[in-house]
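The values are calculated or read from the model by the stated rules, or taken from the named source; none is laboratory data. Remember, it's a predicted structure, so these values are computed and weren't measured experimentally. Virtual Cβ from ideal backbone geometry, glycine too; neighbours counted across all protein chains shown.
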Amino acid sequence: MGAAFAIQVMTGKESNVKRLMEWAFSKNENAQKWIKEIHTFSQETRRILKSGELGKPIKRVAMPGYIFLEMNYAVDGENTSAYIADDVWHLIKSIPGVLKQFTRSGQIISADEFQQMFELDLTDQVEISTVLEEDTIQEEAKKLAEAEIEVKLALHQANTADTPQERKEAEKILDYAIQQEETIVNGEKEDNTISTELELLNEQHKLNPTISRVKSILRSHKEIIRLPRIMLQHIGIQEEDKPLSHVVIDRLRHFIKTLGIS
């Protein structure tokens, strides 16, 4: 394996830039002389569908914003011998989507370092998407609407009371209704997400080679969880059983809690 140059490109355009670059290099003999191969590092992710089956693979770039040009030669220990012809650099810069080239001494990736990049954990992932507290949100909204009606009724009774005694009794009811409404608005909700479970782990467990590969993203009232596909077996899930999303999440949550109390 040769040394490599890192090329910064527009995020999300890595595959497109790679295709354009491969086409441009196929037409340029000097580029073929200097450059052995163009690399992006990617992962495949499959979503767990409502049926429990895995969806079609979605390929994601593991190093967004970068592609790597593997050269046809190695470099010395200080990377000072790295070089590429000026006309090839000019060709690279002309390709749409290319932002920056790292070409100075010390910025070049040696053959050994580049080999290590190929050893990164790029195992297939599975993705689960779950709505956060959907039932709880609906129930809280219903309770709040009922409390608001009680406040309006109590306020109306206080304003239309015929005697001071009736007004006093109505104000008591109004105060109670307002307290109930405030309790619902300000009441603490249990955060029952995988993200929270991961945060509760101590640093030692967060560095666990298995658990450190679980990622949680909170977005638009949803939690998106990604974990290595092979980890399903760690939490007692067999793909052929077509497990539903909530089963996988429950097993994962139990697995994380077990780590936390071990």
Can you work out which of the residues in the stretch 218-234 that are closer than 16 Å to SER245 by Cα and of a type in the set (D, E, K, R) is surrounded by the most Cβ atoms within 10 Å (Cβ to Cβ)? GLU223
Residue list for the stretch 31-56, restricted to those being surrounded by 14 or more Cβ atoms within 10 Å (Cβ to Cβ), more than 30 Å from ASP241 (Cα to Cα) and at pLDDT 85 or above: ALA31, ILE35, LYS36, GLU37, ILE38, HIS39, THR40
Hits in the stretch 26-68 - residues which are in contact (Cβ under 8 Å) with a residue 60 or more places away in the chain and not in a strand (DSSP E or B): ASN28, ALA31, PHE41, LYS50, SER51, GLY52, GLU53, PRO57, ALA62
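Residue-wise test of (1) at pLDDT below 80; (2) over 41 Å from the mean Cα position of the chain (by Cα); (3) not in a helix (DSSP H, G or I).
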residue	(1), (2), (3)
GLU113	yes, no, no
ASP121	yes, no, yes
THR136	yes, no, no
GLU140	yes, no, no
LYS143	yes, no, no
GLU150	no, yes, no
ALA158	yes, yes, no
TYR176	yes, yes, no
Is at least one residue of the stretch 186-197 within 20 Å of the chain's Cα centre (by Cα), of a type in the set (D, E, K, R) and modelled with pLDDT of 85 or more? no
Count, please, the residues in the stretch 218-243 that happen to be in a strand (DSSP E or B) and of a type in the set (D, E, K, R). 4
